[in-house]
Structures are given as C-alpha cells and as structure tokens.
C-alpha cells in the first residue's frame, strides 16, 4: 500500500507532467489528443480486472464484470478512433502528395 | 513461493513500463509528426499491463478460475463491439464516440469504487480493512466516475441526435444542487459508516446527477463538456488506483486528469467562455434569443455564384460542421482545386471550435486531402478578409455571426469570430433558412453584400464547378 504523503507527491508530479506535456499542443491536434488521452485512462481496465479477479461474491462478480466490460470498451474504442484520426494526419507532412488524395 | 514472488515482481515491472509508455505516448501525440506513433506506444503500454494482470493472483486462499473466465469474456465481448463500432463510425461522429468511450471509462472507475466500498461494507471481502484515506478516495473517485459516465452518455445522445438539444424545468439549478449535495454528503457519511443501503443510494444520486447536470447544456457547448468529463474520468481512475494501490492507474489517471483540465480550459477560452459559465448558465439552447434582424436574405443561383468566383482573385472558404454533415468536404476541395487551376488564391479559414471539437474541422479537411498550408487559423486569416473578393461560407453559422461583436444581448456576445462580414462579397451555402447550432439569427446572412445559395453542400459544390467550367469552357486559364 502506498503511504499517504508519497501518494500526494505522486499525484502532484503526475499532474504537473500532464499539464506540461500538452501545454504546447497546436489547435489542430486538440481533437486527436482528447481522444488519445481518453484512451490512456482506458488503463482503468487493469483496475477493473483486479476487482473482478478478487471478487468472492456473486454481486462483486456482477459489478466487476460490468467494470471490465466498460473498461475494455474505453480502451479498445479509444484506441481505434484515435488511430484512425492520427492516420490521416500523416498526410500533412507532404502537402503535395495530399493534394492528389482529394480526387 | 519463489515463483509467486517473481511473478509479482514481473507484474509490477509491467505496470511501470506501461506508465512510462503511456506518458511518452501522450507526449508524442502532442506533435503532428510523432502523433501516430504516440497512440501506438500508449496502446502497447495498456496491452502489456492487461496481459500482466491476467497473472495477478494475490487473492489469499483462492484463485478463482471462474473470475478469470469472466474477465476474458468481458474483455473479448466489449473489445469486439467497441473495435468494430470504432472502425465503422464516420469522422463527423468522432466527438460523440469519444464521449461514449469516455463514459465507459468513468463507469469502469465507478465500478471499481463500488466493488471496494460494498466489499468493505459487507465485510465479506478480504480487503475489508480499507484505510480512511482509501475509503475517502474510493468515494470521491466513484462520485466523479459516475458523473462522468451518465454525463457522457447524455452528451453522446445529444450529439448523436438521439435526444432533444436541451431539457429544462423551473428550479432546475436548485434540484441539481440538492442532488449533488446529497450525493456528496451521503458519500462522505459512508466513509465513516460503511453501510450497503447508503452506498447504493450514493451511487444512484451520483449517476442521477450526471444526467441532470448535462441535460440543460446546449449542443454548442458539448465539446467543452466532453473534454471536462474526459478529465473527470482521468481523476476517477487516479483515485481508484490509489484505492487498489496500483501506481500505473494513479499516474495515467492523474496525467489525463491534468492534461484534460488544461485542454478543457483551452477549448473554453477559444469559445470565450469560462468552464463555470458552460456548466451553469444554460447557454446554447436558443431560449432568450437576440433581437429581430431587419432586411431579407438575398438568394443567388449557382451559375451567378460561379461567375462571382470566376472574377475573384482571393477566395476564402469558411467551412463549418454543416459541410461535414453534408459530406461535402471532398467536393469543396475539388472546387478549390478548380479555382487554384484558374490562378486564384484559395484559403480555408478555420475557427478554433469549427466542427464539434477544437481541431475537428482539421481532421475532416485532412480526410478530404486538403493540404496543410492552405488551412489558416482564425488569428492569421482575420486581417485578410478585407482583401478577400469572395468568401464562401459553407455549413458555418455561429462562428461567423457579427452579433458576437456588436450585440451585447446575444448569447454568443464576446465569442471570437471569423470576420467574414468584412469580405467584399460573401456567398453562404446553406440548405435552408434555419438558425445555427446555438439557435441564433445571423446578421451576416442579411448583409447587402451577402448572397445565399440554398442547396445541399455537395450539390452546390458540383454546380459551382460546372458553372466555372461553363464560363471558360472547362480549360484552366
């Protein structure tokens, strides 16, 4: 178990990290980044897996199952839509080539 | 015994690797060049953590194979559905998909909280001795996660057109406030008096509050709300991570919570609104609309519009969400190429909140193949409008409404806008005479130098291309 103050430091450092790494994001990436960070908290799946894995009563299994189901949806769905969006941004590096894509 | 220790160590190492990959992933997603590898790094991070968790067997006494099977079924079913749906969904519908997936994450965090709290309450759980801090964070995380879940579902339903834009009743703020306060107080009470019935009531109120809080918020403000709920889910995940003693969850959740909060503030700033204003002022539903506008909208035929374009040198295209709904971005780009071939300067002017989220319009134009150097931000393009011969507004409304600058009674007063009103001539492509997303009349459409081309976006672009070719016989020059 994590000691109270250690956790507080952890929260503080992680919060600064989160603030710092996206503070210089161009507007064009706001949507993919929101989608991407949405995927990142899909790690909640791991917590839900542990909750279900440790379940000892039927209702804990039900809650755990719901948790894992929702968490997996967050992770899988978040990944797919972010990947799809960012895939298109690749073309921005070569505007000349992108011009042909417009049909 | 030794193997158990090694396995435990390996699991911890996997979580550490996952945390590093997730942070680096977000970092890389913040730059267009590395963005795509960013999501892949983050994806590998989550995958590693998930696989490692299958070996997590720290249950004293019994390792339940049954639970492992349930976990597998839940993951397989949910992943399959979410994956297929996510692959199929149109780019225009991305914002509501993000909302939906985000709501699922919030629900998952709330479920972790529910499991821990109810387990502690019934004493049947081996981990019944949660510390006070753990219980407190479990309650707060569950509160935030629950709000995020039901709130996101409402946001999804609204953006997906499954629900009326707004829902109001007298004393709504009072009811919402009471609901939140009740949830919070019962939650806090539960920290020291864990009892099943109170915990269930707490969850019911928290879930209800998410619905109540989101119902009165209009569609125009939804991007800010989705972004806020994204940050909420992040925080909830971080808190529940503490309850479980899982550092990977704490770090990833808190990073998203902070990044999401910053992103929300950036978005609100782009719309010239504070977050509190978005949440509590009931903007964006029409309601008390601004003053009547004198004059009339002057229609134009596609052929005449094409002639105007033919004579213009500088053309600025202002796309809005309506263009994307009509799937007209490819046709508009084709029209642009026809104009460029005739020696005209063509630029796309993008409002920060064009589309449903900041940057959404850039995604849609990128999908159509519009090169980056033709796309200009609001601040760069606004000084160019006085030199613009013809501005084409397609599917945009509120973001070009001069009332934001001139009419103090307008609900969008103060929002930064594209100064299309300064262009020498404006052609507005619009399906009908209706108002925009915020339900406000637009003065620009009544200006003397504005002409309305009533047509479907694709149709209009096709006719303009044909019109251009008719003028000069299809040749370039």
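The values are calculated or read from the model by the stated rules, or taken from the named source; none is laboratory data. All of these numbers come straight from a predicted model, not from anything done at the bench. Glycine also receives a Cβ, built like all others from the backbone with ideal geometry; neighbour counts cover every protein chain displayed.
Is it the case, given these coordinates, that residue A:46 is in a helix (DSSP H, G or I), within 7 Å of chain B (Cβ to nearest Cβ), modelled with pLDDT of 85 or more and over 30 Å from residue B:351 (Cβ atoms)?
yes
Here's the yes/no breakdown for (1) within 7 Å of chain A (Cβ to nearest Cβ); (2) surrounded by fewer than 24 Cβ atoms within 10 Å (Cβ to Cβ); (3) at pLDDT 80 or above; (4) assigned to a strand (DSSP E or B):
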{"site": "B:353", "(1), (2), (3), (4)": "no, no, no, no"}
{"site": "B:357", "(1), (2), (3), (4)": "yes, no, no, no"}
{"site": "B:361", "(1), (2), (3), (4)": "no, no, yes, no"}
{"site": "B:365", "(1), (2), (3), (4)": "no, no, yes, no"}
{"site": "B:376", "(1), (2), (3), (4)": "no, yes, yes, yes"}
{"site": "B:381", "(1), (2), (3), (4)": "no, yes, yes, no"}
{"site": "B:385", "(1), (2), (3), (4)": "no, yes, yes, no"}
{"site": "B:392", "(1), (2), (3), (4)": "no, no, yes, yes"}
{"site": "B:396", "(1), (2), (3), (4)": "no, no, yes, no"}
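Please give the number of the condition residue B:265 fails out of (1) more than 14 Å from chain A (Cβ to nearest Cβ); (2) at pLDDT below 90; (3) assigned to a helix (DSSP H, G or I).
(1)
Taking residue B:73 as meeting all but one of (1) crowded, with 21+ Cβ neighbours inside 10 Å; (2) free of Cβ contacts under 8 Å to residues at least 60 places away in the same chain, write down the number of the exception.
(1)
Could you list, in sequence order, the residues of segment A:20-29 that are at pLDDT 80 or above and either more than 19 Å from the chain's Cα centre (by Cα) or closer than 23 Å to residue B:377 by Cβ (or both)?
Hits for segment A:20-29 are A:21, A:22.
So which residues in segment B:334-351 are part of a helix (DSSP H, G or I) and touching a residue at least 12 places away in the same chain (Cβ under 8 Å), if there are any at all?
Correct list: B:334, B:335, B:336, B:338, B:339, B:341.
Name the one entry in B:77, B:42, B:49 that is part of a helix (DSSP H, G or I), modelled with pLDDT of 90 or more, farther than 26 Å from residue A:57 by Cα and in contact with a helix residue (DSSP H, G or I) (Cβ under 8 Å, 6 or more places away or on another chain).
Going through B:77, B:42, B:49 in turn, the sole match is B:42.
Is at least one residue of segment B:198-210 crowded, with 23+ Cβ neighbours inside 10 Å and under 21 Å from the mean Cα position of the chain (by Cα)?
Yes, there is a match, as at least one residue in segment B:198-210 is crowded, with 23+ Cβ neighbours inside 10 Å and under 21 Å from the mean Cα position of the chain (by Cα).
Identify the single condition in (1) over 17 Å from the mean Cα position of the chain (by Cα); (2) closer than 21 Å to residue B:102 by Cβ that residue B:188 does not satisfy, given that it satisfies every other one.
Among (1) over 17 Å from the mean Cα position of the chain (by Cα); (2) closer than 21 Å to residue B:102 by Cβ, residue B:188 violates only (2).
So which residues in segment B:1-35 are part of a helix (DSSP H, G or I), surrounded by fewer than 20 Cβ atoms within 10 Å (Cβ to Cβ) and under 24 Å from the mean Cα position of the chain (by Cα), if there are any at all?
B:24, B:27
Inside segment B:398-435, can you point out the residues that are more than 28 Å from residue B:92 (Cα to Cα) and at pLDDT 85 or above?
B:422, B:423, B:424, B:425
Please go through segment B:284-301 and give me each residue that is within 17 Å of residue B:397 (Cα to Cα) and either at pLDDT 60 or above or within 17 Å of the chain's Cα centre (by Cα) (or both), ordered by number.
B:284, B:292, B:293, B:296, B:297, B:298, B:299, listed by residue number.
Could you identify the single residue in B:166, B:131, B:135, B:92 that is within 9 Å of another protein chain (Cβ to nearest Cβ) and either over 27 Å from residue B:235 (Cβ atoms) or modelled with pLDDT under 95 (or both)?
Every option except B:131 fails the conditions.
Taking the conditions exactly as written (in contact (Cβ under 8 Å) with a residue 12 or more places away in the chain, buried (at least 18 other Cβ atoms within 10 Å of the Cβ), under 22 Å from residue B:472 (Cβ atoms) and touching a helix residue (DSSP H, G or I) at 6+ places or on another chain (Cβ under 6 Å)), does residue B:331 satisfy them or not?
yes
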